[in-house]
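Q: The structure that follows is given in the form of structure tokens.
Just so it is clear, none of the values below were taken in a lab; they were calculated from the coordinates. Here the structure is a predicted model, which means the values were calculated and not measured. Backbone-built Cβ (ideal geometry, glycine too); neighbour counts: all protein chains shown.
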Amino acid sequence: MADARPTIFVVDDDASVRDAISNLLESVGLRAKVFDSTEAFWKAPRPSAPSCLVLDVRLPGVGGLEFQEQLAKANVSIPVIFITAHGDVPMTSRAMKAGAIEFLMKPFQKEDLLAAVRQGLDRDRIRRDEQAEIAVLQARVDQLTSREREVMDLVVTGLINKEIGAQLGLSEVTVKAHRSHVMQKMEASSLAELVRMSDKLKPRERR
Amino acid sequence: MQSSARTGGTTRSLIRHCGIALFFLVAAFVPTLLLQRLFPYPFLFLFFGAVMASAWFGGKAAGLLAVVLSTVLVDYFFVPPFYSFSISTTAEAYFAAFVASALVASWISSAKKKSEEALKDALDQLEVRVSERTAELMKTQTELAHLSQVLSMGELTASIAHEINQPLTAVVTHGHACSEWLSANPPNLEKAQQTVQRIIQDGTRAGAVLARIRSLFKKEAPAKDWLDINEVIHELTTFLRDDAIRRRIAIRTDLVPGLPKVTADRVQLQQVVLNLMMNGMDAMAETSDRSKELLISARGDESELVVRVEDSGMGLDAEANEKIFDPFFTTKPHGIGMGLSISRSIIEAHEGRLWASPRPSGGAIFQFTLPVHPRDSNG
């Protein structure tokens with residue numbers, strides 16, 4: 001988290017185009033890092049700050065569209081903005097279906113590029129925030145004992161202590177004690193908050 | 001094959017047949033004579049071998065000859081009474097059996113040989129056909145490779161567009177950046193100045209790309225072939241025939257046979273004619289009030305050739321007539337506008353002229369000239 005300034009990565013094999021995009025981004029106060037190939041970008045370290053990728057379609061080696069697939073396979077979720085000199089409908093729809101933010105034709109207008117870049121950064125920021133929140137919650141869940149976890153799973157389904165006790169073969173008093181530990185460890189101030197936390201965790205916890 | 005040998009040299013083939021039959025008979029006769037002492041009955045088996053071998057190597061005639069000769073020999077030497085042509089009554093059946101067997105042996109052998117030869121012939125014919133077909137395919141392949149060279153003009157224009165688009169993108173993007181640097185508070189003049197420098201660089205680069213393309217067609221001496229313009233036109237009409245049928249266009253040619261040959265780059269000249277023909281066909285896409293016809297004609301004298309491509313399409317207005325040869329000028333919705341510009345460069349590189357004019361009955365005429373040089377001036 002040492003470097004939280006957003007970064008825009010630019011991959012284009014044409015030096016003057018890279019240079020110009022970098023200059024434009026810099027002129028509006030954004031930081032750009034440029035690469036001449038997808039391989040070079042792949043090898044470079046990626047910061048923990050929000051980022052997005054401005055990617056040329058036609059590149060030597062691994063092309064833009066293939067690289068988008070490669071990123072998805074490697075579970076690298078960085079928003080992608082495509083730029084191309086000769087795009088067609090199938091190319092555009094392939095890119096957009098795979099989750100691209102925008103598909104811009106060269107030469108593009110400033111507003112279009114900057115809007116796409118901002119949208120990309122926003123999307124990445126939201127994803128990062130969500131991931132960070134989930135990580136915090138997961139850390140809390142990891143502190144629970146297995147019994148507490150069982151109790152929590154039943155509490156969030158809306159059962160009352162008596163019913164939970166009956167299901168787990170525990171006394172109502174014991175369930176109550178576990179339940180208050182769960183609330184403490186999860187740092188939940190209300191049942192509603194605990195339910196929300198559980199919902200957020202769901203896709204990862206039930207793996 | 002056999003019949004031709006027979007008609008070609010009857011005597012020679014007869015001598016050959018006799019020779020073969022005699023050779024095998026002597027080969028059978030001598031051992032039989034020697035072996036006779038060992039057996040109580042005449043040992044005649046070797047004669048069957050001789051008959052079969054004669055029929056195999058010499059054909060039916062040699063086989064029959066061997067049968068006749070062996071009959072005579074056997075009768076004289078090995079059938080009692082020995083050393084006489086007369087046959088004792090007891091030996092009659094034995095002798096008849098020998099003759100019959102020899103005939104059958106000869107017939108089987110020559111029939112077998114014949115069928116084997118037929119098989120071999122069929123195999124040879126097949127081989128010849130395979131090699132002919134292979135040669136045909138190779139020819140087609142060369143033609144295709146050549147054609148793709150001609151068609152790569154489309155790719156060339158696409159790559160030119162790409163080459164120009166890159167610096168153009170840089171110029172536009174730097175322009176936006178420059179305006180940002182200037183509108184900052186306070187304006188960042190240093191950055192703006194740097195950006196303007198880059199705009200100049202990229203603009204110059206775009207210009208250099210165009211200059212390079214022009215030099216490609218103008219300064220470089222074209223590869224010189226000694227070629228027949230009628231052949232070039234004929235090839236291209238064949239090539240475009242299917243496309244024309246699909247588009248309901250009739251392609252007609254009006255070529256004077258025996259036009260003088262010209263020294264020119266075949267591929268480049270094909271590109272020009274193909275480009276003019278395709279343009280003509282495109283121009284007739286919207287034509288509905290008259291028949292769609294593309295006429296290619298070639299005329300010439302001892303000083304120059306004139307090739308005309310006429311269409312009955314929408315024709316050219318005064319403004320277009322002046323600009324069609326400019327780079328990037330196009331009347332087509334998806335055209336790049338390089339075809340005629342490049343075509344004119346090619347024709348000029350060949351010391352000819354290319355121009356357009358309206359066709360009196362509607363449509364356009366594109367024509368070019370090529371100088372005719374005497375043959376000995378062609379290095």
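Q: Give, rounded to the nearest 20 debye, the magnitude of the charge dipole that the range A:23-107 has about its Cα centre when Lys and Arg contribute +1 at Cβ and Asp and Glu contribute -1 at Cβ.
A: Magnitude of the dipole: close to 180 debye.
Q: Top mean-square fluctuation among B:A364, B:A161, B:A177, Gaussian network model of chain B, C-alpha springs under 10 Å?
A: Between B:A364, B:A161, B:A177, it is B:A177 that shows the largest mean-square fluctuation.
Q: Out of the trypsin sites (Lys or Arg not before Pro) in the range A:20-79, which ones are loop residues according to DSSP with at most 12 other C-beta atoms within 10 Å? Show your work: numbers first, answer last.
A: Details: sites: A:R31, A:K33, A:K43, A:R58, A:K73; in loops: A:R58.
The qualifying sites: there are none.
Q: Calculate the length of the line joining the C-alpha centroid of the range B:287-319 to that of the range A:150-177, in whole Å.
A: Between the Cα centre of the range B:287-319 and that of the range A:150-177, the gap is 93 Å.
Q: Would you list which aspartates and glutamates come within 16 Å of B:K113, measuring only between C-alpha atoms, while excluding same-chain residues fewer than 8 positions from it?
A: Those aspartates and glutamates meeting the cut-off are B:D121.
Q: Ok, one more. Return the loop-located chymotrypsin sites (Phe, Trp or Tyr not before Pro) in the range B:73-145 (DSSP other than H, G, I, E, B) with at most 13 other Cβ atoms within 10 Å of their own Cβ; answer none if there are none. Provide the component values of the computation, followed by the final result.
A: Working: sites: B:Y76, B:F77, B:F78, B:F82, B:Y83, B:F85, B:Y94, B:F95, B:F98, B:W107; in loops: B:F82, B:Y83, B:F85.
Sparse-neighbourhood loop chymotrypsin sites (Phe, Trp or Tyr not before Pro): B:F82, B:Y83, B:F85.
Q: List the lysines whose alpha-carbon lies under 27 Å from that of B:K292, not counting same-chain residues fewer than 8 positions away?
A: By straight Cα distance, B:K292 reaches B:K323, B:K332.
Q: Please state the charge dipole magnitude for chain B, taken about the Cα centre, from unit charges on C-beta atoms (+1 on K and R, -1 on D and E), reported in debye and rounded to the nearest 20.
A: 1240 debye
Q: Now for a separate question. Round to the nearest 10 and give me the degree value, 0 to 90, for the angle of helix B:10-35's Cα axis relative to the longest principal axis of chain B.
A: Once rounded, one gets 50 degrees.
Q: Averaged across the residues of B:175-186, what count of C-beta atoms belonging to other chains lies within 10 Å of each residue's C-beta?
A: 4
Q: If you take the square roots of the eigenvalues of the alpha-carbon gyration tensor of the protein assembly as shown and sort them as a ≥ b ≥ c, do you get rounded (a/c under 1.5), prolate (a/b over b/c) or oblate? Don't skip to the end; give the middle numbers.
A: Details: a/c = 4.17, a/b = 1.60, b/c = 2.60.
Judged from the Cα gyration tensor, the protein assembly as shown comes out oblate (a/c at least 1.5, b/c at or above a/b).
Q: Take each of the peptides B:254-262, B:343-351, average the number of other beta-carbon atoms within 10 Å over its residues, and list them starting from the highest.
A: By packing density, highest mean first, the sequence is B:343-351, B:254-262.
Q: Here is a follow-up. Among the lysines, which have Cα under 24 Å from the Cα of A:K33 when same-chain residues fewer than 8 positions away are ignored?
A: Cross-link targets: A:K43, A:K73, A:K106, A:K110, B:K191.
Q: Moving to a separate point now. Dipole size in debye (nearest 20) for the protein assembly as shown around its Cα centre, Lys and Arg Cβ +1, Asp and Glu Cβ -1?
A: Taking the Cα centre of the protein assembly as shown as origin, the dipole is about 1560 debye.
Q: Let me ask you something else. Which value at 222 nm does chain A reach when only helices count, each DSSP H run of 4 or more adding -39,500 (n - 2.57), with the total divided by all residues and rounded to the nearest 500 deg cm²/dmol?
A: -18500 deg cm²/dmol
Q: Could you state the angle between the C-alpha long axis of helix B:92-183 and the longest principal axis of the C-alpha atoms of chain B, as a value from 0 to 90 degrees rounded to the nearest 10?
A: The angle comes out at about 10 degrees.
Q: Under the rule a/c < 1.5 gives rounded, and otherwise a/b versus b/c splits prolate from oblate, where does the range A:7-130 land using the Cα gyration tensor?
A: Verdict is rounded for the range A:7-130.
Q: Averaged across A:105-117, how many Cβ atoms of other chains sit within 10 Å of each residue's Cβ atom?
A: Per-residue shielding by partner chains comes out at 3.
Q: Name the residue from A:P47, A:F9, A:G63 whose Cα lies farthest towards the positive end of the charge dipole of the range A:7-130, charges +1 on Cβ of Lys and Arg and -1 on Cβ of Asp and Glu.
A: Of the options given, the answer is A:P47.
Q: A follow-up question, please. If contacts are Cα pairs under 8 angstrom and at least 6 residues apart, what is the relative contact order of the range A:73-207 in percent?
A: Relative contact order here is 18 percent.
Q: Once phi is turned into θ = phi - 60°, what whole-Hz ³J(HN,Hα) does the Karplus curve with 6.51, -1.76 and 1.60 give for every residue of the range B:265-272, x standing for Gly and Pro?
A: Couplings: 7, 4, 4, 5, 5, 4, 4, 5 Hz.
Q: Can I ask one more? For the range A:46-72 and the range B:76-119, write down the distance between their C-alpha centroids in whole Å.
A: 93 Å
Q: Measure nothing fancy, just the Cα-based angle from helix B:45-73's long axis to the longest principal axis of chain B, in degrees from 0 to 90, nearest 10.
A: On a 0 to 90 degree scale, this one is about 10.
Q: Still on this model: Just checking the output field for B:298-305: average partner chain Cβ neighbours within 10 Å of each residue's Cβ? Intermediate results must be reported in sequence, preceding the final value.
A: Values: counts 0, 0, 0, 0, 0, 0, 0, 0.
Mean partner shielding for this stretch: 0.
Q: Same structure again: On full extension of the chain, what length is gained from B:A250 through B:K323, given 0.36 nm per residue of separation minus the C-alpha to C-alpha distance?
A: Stretched out fully, the B:A250 to B:K323 stretch lengthens by 23.5 nm.
Q: When chain A is treated as a GNM, springs tying every alpha-carbon pair under 10 Å, which of A:L137, A:L194, A:L170 comes out with the largest mean-square fluctuation?
A: For chain A, modelled as a Gaussian network with Cα springs under 10 Å, the answer is A:L170.
Q: Which residue fluctuates most in the GNM of chain B (Cα springs below 10 Å): B:A250, B:A55, B:A97?
A: In this elastic network of chain B, the residue with the biggest mean-square fluctuation among B:A250, B:A55, B:A97 is B:A97.
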